[in-house]
1. Test residue 252 against the stated conditions and say whether it is under 37 Å from the mean Cα position of the chain (by Cα), surrounded by 14 or more Cβ atoms within 10 Å (Cβ to Cβ) and at pLDDT 95 or above.
2. I need the full set of residues from the stretch 28-71 which are surrounded by fewer than 19 Cβ atoms within 10 Å (Cβ to Cβ) and assigned to a strand (DSSP E or B), in order please.
3. Determine which member of the set 314, 334 is in contact with a helix residue (DSSP H, G or I) (Cβ under 6 Å, 6 or more places away or on another chain), more than 23 Å from residue 260 (Cβ to Cβ), in a helix (DSSP H, G or I) and free of Cβ contacts under 8 Å to residues at least 60 places away in the same chain.
4. Filter the stretch 225-247 down to the residues that are free of Cβ contacts under 8 Å to residues at least 40 places away in the same chain, closer than 26 Å to residue 196 by Cβ and not in a strand (DSSP E or B) and list them by number.
5. So, residue 341, is that one part of a helix (DSSP H, G or I) and touching a strand residue (DSSP E or B) at 6+ places or on another chain (Cβ under 6 Å) or not?
6. Condition (residue is more than 17 Å from residue 125 (Cα to Cα), in a helix (DSSP H, G or I) and in contact with a helix residue (DSSP H, G or I) (Cβ under 6 Å, 6 or more places away or on another chain)) applied to the stretch 7-15: is it met by at least one residue?
7. Run residue 372 past the list (1) crowded, with 20+ Cβ neighbours inside 10 Å; (2) in the same structural domain as residue 81 (by TED's automatic domain parsing) and report the number of the one that doesn't hold.
8. In the stretch 255-275, what count of residues is obtained for those that are in contact (Cβ under 8 Å) with a residue 24 or more places away in the chain and either exposed (fewer than 12 other Cβ atoms within 10 Å of the Cβ) or not in a loop (DSSP other than H, G, I, E, B) (or both)?
């Protein structure tokens, strides 16, 4: 079968794949764009992201600040973000009738609070620009066609259903996968560097914790550290029925993805529930508080706005009777309370997926890619976008932003 001189195939029906396909079809309307998705539905991760609301991007408008939210990618993303930034993402969706809102923590969602708004927009744009979408259509192998006297590149895509599809160029946007073997079929060129994939953005399991009964309680400002590793994060922490979640925990899991994988997710975590205090300053504060509240029951009166259920648990762990008053508080119990407030210790034994979402640390190394075009440096006509690359951000819309950006850049250059 001869190669179509105007056919481009996008492999992967997620955020990056759709954005690349739409951009290519819009920029090069004479080009046939075919999008192949291995599963029976497209945009699955978009649908479940942000608890079903779709955290489209983050209100971070300076690229020099934006790249600091990517444990993998970082400064290398300055060039791509210069081509398609957070502001461009917002403009792109709003130009297509999708109104967005910015929440207090900087996350940006559709005003409908429904991911289906984003799904419908992407699907509608793809259809409007003539993208041919084929689901339940996986690719087994990509074979370059060597044409001695032709400048055009060409490829044969051998599909899982046994058929063969030919095209000029290919955009690989197959997403992340914690299984290293799932990347081997992408090794079209011998020089391609694959970084071993490990999970990122996960929650901590603490099955032996006495605090599991606090599931649902959140503390807005904590300092979380991991023993033996120079990693710490501040931010909200959420108690779950399996352990801990919340932005501070998820950030730690992202920045420490490889270190925590090496520890087989067995480690000690320390939490300071009042990070504005250290042991010395907290002792001074509590001694002063005691003098002013001698007749009050300790367990019934949380300090510094701590949740009642957490405070009660901490006082219980400190050996303070439920009806014990500040006036009667022994020094050893006060010392124990200070220790718990500034350095609660939990044994982590395993991880859990965050809200059914997963993000992968690893994949196609960025040194393989021309980040101005997203084309492979080693195989002309092969492009990459999205999480299949060794790019991942912390929670808050950053992973979608890199998907939109890399998909857009690939789409802009594939038809040239």
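1. yes
2. If the condition is that a residue be surrounded by fewer than 19 Cβ atoms within 10 Å (Cβ to Cβ) and assigned to a strand (DSSP E or B), then 32 is the only one that fits.
3. Working: 334 fails: in contact with a helix residue (DSSP H, G or I) (Cβ under 6 Å, 6 or more places away or on another chain).
That would be 314, the only listed residue that is in contact with a helix residue (DSSP H, G or I) (Cβ under 6 Å, 6 or more places away or on another chain), more than 23 Å from residue 260 (Cβ to Cβ), in a helix (DSSP H, G or I) and free of Cβ contacts under 8 Å to residues at least 60 places away in the same chain.
4. 229, 230, 231
5. Values: part of a helix (DSSP H, G or I): yes; touching a strand residue (DSSP E or B) at 6+ places or on another chain (Cβ under 6 Å): no.
Considered against the rule, which asks whether it is part of a helix (DSSP H, G or I) and touching a strand residue (DSSP E or B) at 6+ places or on another chain (Cβ under 6 Å), residue 341 comes out as no.
6. No: the stretch 7-15 contains no residue that is more than 17 Å from residue 125 (Cα to Cα), in a helix (DSSP H, G or I) and in contact with a helix residue (DSSP H, G or I) (Cβ under 6 Å, 6 or more places away or on another chain).
7. Going through the list (1) crowded, with 20+ Cβ neighbours inside 10 Å; (2) in the same structural domain as residue 81 (by TED's automatic domain parsing), residue 372 breaks only (1).
8. 13
The values are calculated or read from the model by the stated rules, or taken from the named source; none is laboratory data. The structure displayed is predicted, hence computed values, not measured ones. Here Cβ is always computed from backbone atoms with ideal geometry, including for glycine, and neighbour counts include all displayed protein chains.
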